[in-house]
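Peer 1: I'd like to ask some things about the structure below.
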Amino acid sequence: MELSLFLFIVCSVPVSHQYLLPDHVAPSHYQLRLMYDVDPNTNYSFYGVADIQISTKKATSKIILHAQNYMISEDKVSVVGQKDVPKVTGVKLNDTYNFLEITLDKDLEENKNYTLIIPFYGNLMRELDGVYISAYKDKKNGKTEYLIATQFQPISARKGFPCFDEPMFKSTFSLVLGHSKEYTAVSNMPLATSSLDNALEDYWPWDVVGKKFRKELSSFVWDEFDKSVPMSSYLVAFVVSKYSYKSAPNTSNTKFRIWARSDAIEQTSYASEVGPAVLSHFERWFNVSFPLPKQDMVAIPDFVAEGMENWGLVTYEDAALLYHDRESSLSDKERIASLIAHELAHQWFGNLVTMKSWSDLWLNEGFATFVASLGVNAIEPSWHADINNAVENTLTVFNLDVLESSHPVSVPLEDPTAITEIFDDISYSKGATLIRMMEMFLGEEAFREALHNYLIKYSYSNAEQDDLWSELNAVVMNKGALNNNMTVKQVMDTWTKQTGFPLVTVNRNYSDKSVNISQKRYVWRQEILSSQSWWIPLSIKCESGTEDPKLVWLSNEEGVLDDKHLEHGCDQNEWMLFNYNMMAPFRVNYDENNWKLLINTLTSDKYSVIPVEGRVQMLSDAFELAWNNQLDYGMTLQLASYLQREQEYLPLYTGLSGLSKISNVLKRSAEYGLFQEYVRMLITRIYQSGGLAVKNIVNGDDLNSVKIQVLSSSWACSMNVPGCEDNALEMFQQWMKTQNPDENNPIPVDLRSIVTCVGIHRGSEFHWSWSLERRNRSDVAATREHLLDSLACSRDVWILAKFLEWTLTENDELHRQESSRVISEVISSEVGYYVARDFIYNRIKDIHTAFYDQSEGITDIMKTLLGQFTTQKELDEFLSWQKRNDELLSESKMAVAQGIETARTNIQWVETMKPIFMDRLKEFIRTSSSTSF
């Protein structure tokens, strides 16, 4: 009689590190034999056997590993060894930690090797992690096709097979996949052989399996893949599909293929150019060869992440990999290149060298984010991805790390539910920002040499941040890149182990040119007293153009620094600019006179003498400091007035982001019209130079120009610039009248999101349904994506309510990962906030059920909802609702805390700063005109 143990686990929240596996036993190799039936009629049945070679570090009578969401054939679990091998006496599940505890009748001997054999079986699910079923409709034949995909990061390899599912347990893997002959399988390593013999016959004979599958043995094939290099369990991957592939030209010794559904294979051309070029660039930049013989990249219709770096088999959501020459925008192209570069950077940072624990996730994600921009810069140099990404990452850090509820880059984790929450902007953007900072203060040569040493020393192994500091410091000491009394660890621990970032305050003595500089943690609540301090590299520029050839360091022990520590001072009539190259993530506030000197230059024809990064820093600081009542709003509005002449995207984006924060808290108030008047004064001139104003994109190959036109057109329509919505509506109606609108869309592709949003907003149910039909008929992921967002622009409450209902059930209208996006878009829309808020409050149980495998979806929804609050009543209602539904929000604790903090700052601004802002705004508009402004 067969005994089975069913594993279907919902983790509870432990209070210590007991969720980590004991280190008595470690795996060295997995022999995985898996057999899948990609058939809804048999409920996607599967069978598997995991033969795990283990070594004992300590004598033990218990083997503990991970398993979840399938049946274990308990009476078939065994341990094999050379002689006198213990027998299995019990197999038990600890459902708190997903532990599979195997008890033996006596100890495994210390420093011995054994093989653990675990047969298992079950049914694949439509959830988006582990091994799962995805589906798509083939546009050529109209049939629904199914495929098997994997998503094991961070802790879902245990859902695919029994394993030691922690990053430090690196092993080699051998994989055999059984599947129907009409499908093709790919995995981390190349295909070695294929066989018609059941590879699982010793544990799952076909007379058992065939009855379940309801298929003949002759209809199946077993693909065996080459043995992998040592890697962590979360990097194992495979896809079983009816896909086609495009071979990319080899630029190294690596075979490169791009896989997609057959009706989209032509959309892989750009990826096939980018992938090999970026991989080769990284090999040269790291001076470390890519260690695998092949690299596949696959587009998956239902995919919870934009991309996943599985070694040798990178998976992407469709829109992150597929580019259509006519239907994808230049921003889509930029996104695809960036994501490919990010995932390929992981082949070194994350795969070759892996963090020891998820606490140091930033060693994976920060490096991949930083290095990705270098890869994009190599293949698309006119995009200036290095500077653009550096600035955008820093601004992202400012938005999140200002919160008291943020977390350090290197973050202690108390339970496994917290792991998914740190896949956030701190690990990615702040990590990348700090890595760039190191490269700048150490110098590229020393930095690259240290990274090469780090990659070589820890290849096929694990590292923690102190290992990185050690390699950097060894090179630094040899090359003298830091002062003798400083170490990399001393500097960087102040940035990675502390939450937040500093505010540097600069007060100049104009008579003797001395400067007092101080630091403190910047937080929204000024009453919070913090003793935190940082080692801060200060890059300083004077108006005359002189730059300090050496960095000035503000140590975490100093409170005041005077000019004798500087090698120059600025003349009393010229401005002084700190962090002009945005080397480090900190805010800067100056004395009033220095702000005025800076503003005088910025509002003159000579504004470009201030570098782009310096203009971004000033704008971001001015808006944020004024929001927090540390700078007069009159000064901020005057500074921002120069934006009407700005010709670079990054400063314009930064200034409008500062205004967006104000717009968000004013948009449901009586004063919003006056705010719109001010913004119209800023953007009308820029708007009129291209985009919707001329119903076309000017200089369509220039990414900077295209982004400015799209940004200014979007703002022009939302701020009621005359003619903007009328032009958009005219273009939308022209599209509707076009013969065969699915193939002949006359709207310039970069403007389509704006135009369709206006068309739907100004239209009726007919226009909404017509746009939905265009989305359903499109085989271009980018088109489907922008039309999905536009559907949230409707002003009909009942349509938005119907749209929200679709997010709770499986249907042909939405892919599962799109549901949270729909809810967030409706929350943010002009009419949808109230509809979505009530939907969330009333349907949270259904939302939780629908998103059971997408905790990050609820995280996004909570942040978006709370970010809209502007009254204490709204927050009180939420807090009362949260208390009643706390268990349903348990996997989004950090996000909820951050959202509540954001809501409180919105409310405080409305109560205390709004009157001041409106007074300054009225005064500014009164003293300005559209010609002299």
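The values are calculated or read from the model by the stated rules, or taken from the named source; none is laboratory data. From a predicted model like this one, the values you see are computed outputs, not experimental measurements. We place every Cβ from the backbone using ideal geometry, glycine too, and count neighbours over all the protein chains shown.
Peer 1: Go through the stretch 863-901 and count every residue that is under 16 Å from LYS667 (Cβ atoms), buried (at least 16 other Cβ atoms within 10 Å of the Cβ) and not hydrophobic (A, V, I, L, M, F, W, C).
Peer 2: 5
Peer 1: Restricting attention to the stretch 77-122, which residues are within 17 Å of PRO22 (Cβ to Cβ), at pLDDT below 95 and of a type in the set (A, V, I, L, M)?
Peer 2: Of everything in the stretch 77-122, just one residue is within 17 Å of PRO22 (Cβ to Cβ), at pLDDT below 95 and of a type in the set (A, V, I, L, M), namely LEU93.
Peer 1: Please indicate, with yes or no, whether at least one residue in the stretch 209-217 is touching a helix residue (DSSP H, G or I) at 6+ places or on another chain (Cβ under 9 Å), surrounded by fewer than 13 Cβ atoms within 10 Å (Cβ to Cβ) and farther than 24 Å from GLY307 by Cβ.
Peer 2: yes
Peer 1: Something else now. Which one of these is in contact (Cβ under 8 Å) with a residue 12 or more places away in the chain, crowded, with 22+ Cβ neighbours inside 10 Å and either assigned to a strand (DSSP E or B) or over 33 Å from the mean Cα position of the chain (by Cα) (or both): ILE155, ILE118?
Peer 2: Result of the check over ILE155, ILE118: ILE118.
Peer 1: Inspect the stretch 445-452 for any residue being under 26 Å from SER233 (Cβ atoms), of a type outside the set (Phe, Trp, Tyr) and assigned to a helix (DSSP H, G or I) and give the result as yes or no.
Peer 2: yes
Peer 1: Further, regarding this structure: Return the residues of the stretch 158-187 that are part of a strand (DSSP E or B), surrounded by fewer than 24 Cβ atoms within 10 Å (Cβ to Cβ), in contact (Cβ under 8 Å) with a residue 60 or more places away in the chain and not hydrophobic (A, V, I, L, M, F, W, C); say none if nothing qualifies.
Peer 2: SER171, THR172, SER174, HIS179, SER180, listed by residue number.
Peer 1: Counting only residues that are part of a loop (DSSP other than H, G, I, E, B) and free of Cβ contacts under 8 Å to residues at least 12 places away in the same chain, how many does the stretch 468-496 have?
Peer 2: 3
Peer 1: Among the residues of the stretch 305-318, which ones are crowded, with 22+ Cβ neighbours inside 10 Å and not in a strand (DSSP E or B)?
Peer 2: GLU309, ASN310, TRP311, GLY312, ASP318
Peer 1: Please work out which residue is nearest to the chain's Cα centre (by Cα), limiting yourself to the stretch 706-734 and to residues that are closer than 12 Å to LYS695 by Cβ, buried (at least 20 other Cβ atoms within 10 Å of the Cβ) and not small (Gly, Ala, Ser).
Peer 2: GLN709
Peer 1: Could you count how many residues in the stretch 741-786 are of a type in the set (S, T, N, Q), within 28 Å of ALA320 (Cβ to Cβ) and outside any helix (DSSP H, G or I)?
Peer 2: Residues meeting the conditions: 3.
Peer 1: With ASN388, ASN351, ASN364 as the choices, which residue is of a type in the set (S, T, N, Q) and out of contact with any strand residue (DSSP E or B) (no Cβ under 7 Å at 6 or more places or on another chain)?
Peer 2: Answer to the check: ASN388.
Peer 1: Here is a further query. Would you mind stating whether TYR146 is touching a Gly at 6+ places or on another chain (Cβ under 8 Å) and either surrounded by 15 or more Cβ atoms within 10 Å (Cβ to Cβ) or not in a loop (DSSP other than H, G, I, E, B) (or both)?
Peer 2: Judged against the criteria, TYR146 is not a match.
Peer 1: Kindly list, by first and then second residue, each pair from a residue in the stretch 532-544 that is of a type in the set (Phe, Trp, Tyr) to a residue that is modelled with pLDDT under 90 and in a strand (DSSP E or B), limited to pairs with Cβ atoms under 7 Å and residues at least 6 apart or on different chains.
Peer 2: Matching pairs, first to second residue: TRP535/TRP553.
Peer 1: Name every residue in the stretch 874-915 that is charged (D, E, K, R), within 21 Å of ALA418 (Cβ to Cβ) and touching a residue at least 60 places away in the same chain (Cβ under 8 Å), in order of residue number.
Peer 2: Of everything in the stretch 874-915, those that are charged (D, E, K, R), within 21 Å of ALA418 (Cβ to Cβ) and touching a residue at least 60 places away in the same chain (Cβ under 8 Å) turn out to be GLU891, LYS893, GLU901.
Quick grid of which residues meet (1) of a type in the set (Gly, Ala, Ser); (2) modelled with pLDDT of 95 or more:
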residue: SER829; (1), (2): yes, no
residue: ASP838; (1), (2): no, yes
residue: SER855; (1), (2): yes, no
residue: ASP860; (1), (2): no, no
residue: GLU891; (1), (2): no, no
residue: ARG904; (1), (2): no, yes
residue: PHE933; (1), (2): no, no
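Peer 1: Taking into account only those residues within the stretch 131-143 that are of a type in the set (Gly, Ala, Ser) and not in a loop (DSSP other than H, G, I, E, B), which is nearest to the chain's Cα centre (by Cα)?
Peer 2: SER134
Peer 1: Could you identify the single residue in LEU34, LEU128, LEU65 that is outside any strand (DSSP E or B) and within 32 Å of the chain's Cα centre (by Cα)?
Peer 2: LEU128
Peer 1: Here is a further query. Assigned to a helix (DSSP H, G or I), of a type in the set (Val, Ile, Thr) and surrounded by fewer than 20 Cβ atoms within 10 Å (Cβ to Cβ): which single residue out of ILE426, ILE456 fits that description?
Peer 2: Only one candidate qualifies: ILE456.
Peer 1: Ok, one more. Please determine, by comparing only the residues of the stretch 251-276 that are surrounded by fewer than 20 Cβ atoms within 10 Å (Cβ to Cβ) and of a type in the set (Gly, Ala, Ser), which one is nearest to the chain's Cα centre (by Cα).
Peer 2: Once the filter is applied, the top-ranked residue is SER272.
Peer 1: Among the candidates SER78, SER73, which residue alone is surrounded by fewer than 18 Cβ atoms within 10 Å (Cβ to Cβ) and closer than 17 Å to THR115 by Cβ?
Peer 2: Every option except SER78 fails the conditions.
Peer 1: Quick check on my filter: what residues within the stretch 640-666 are assigned to a helix (DSSP H, G or I) and over 25 Å from the mean Cα position of the chain (by Cα)?
Peer 2: Within the stretch 640-666, ALA640, SER641, TYR642, LEU643, GLN644, ARG645, ILE662, SER663, VAL665, LEU666 meet the criteria.
Peer 1: Right, here's the next one. How many residues does the stretch 248-275 contain that are within 20 Å of TRP311 (Cβ to Cβ), among the hydroxyl-bearing types (Ser, Thr, Tyr) and at pLDDT 95 or above?
Peer 2: Count: 1.
Peer 1: Residues being aromatic (Phe, Trp, Tyr) and free of Cβ contacts under 8 Å to residues at least 60 places away in the same chain: count how many of those fall in the stretch 208-262.
Peer 2: Residues meeting the conditions: 3.
Peer 1: For the stretch 68-99, which positions are part of a strand (DSSP E or B) and of a type in the set (Phe, Trp, Tyr)?
Peer 2: Result: PHE99, single match.
Peer 1: A further question follows. Among the residues that make up the stretch 719-727, is at least one of them of a type in the set (S, T, N, Q), in contact (Cβ under 8 Å) with a residue 40 or more places away in the chain and touching a helix residue (DSSP H, G or I) at 6+ places or on another chain (Cβ under 9 Å)?
Peer 2: The answer is yes, given that some residue of the stretch 719-727 is of a type in the set (S, T, N, Q), in contact (Cβ under 8 Å) with a residue 40 or more places away in the chain and touching a helix residue (DSSP H, G or I) at 6+ places or on another chain (Cβ under 9 Å).
Peer 1: Here's another thing I want to ask about it. Return yes or no: is VAL797 among the aliphatic types (A, V, I, L, M), modelled with pLDDT of 95 or more and surrounded by 15 or more Cβ atoms within 10 Å (Cβ to Cβ)?
Peer 2: It is false that VAL797 is among the aliphatic types (A, V, I, L, M), modelled with pLDDT of 95 or more and surrounded by 15 or more Cβ atoms within 10 Å (Cβ to Cβ).
Peer 1: While we're on this one: Could you tell me which residue of the stretch 367-401 is farthest from the chain's Cα centre (by Cα), considering only residues that are within 23 Å of TYR454 (Cα to Cα) and of a type in the set (S, T, N, Q)?
Peer 2: Checking each candidate, the answer is SER373.
Peer 1: Restricting attention to the stretch 659-708, which residues are among the polar types (S, T, N, Q) and closer than 30 Å to PHE869 by Cβ?
Peer 2: SER660, SER663, ASN664, SER669, GLN676
Peer 1: Please find, within the stretch 3-20, the residue that is modelled with the highest pLDDT out of those that are buried (at least 18 other Cβ atoms within 10 Å of the Cβ) and part of a loop (DSSP other than H, G, I, E, B).
Peer 2: LEU7
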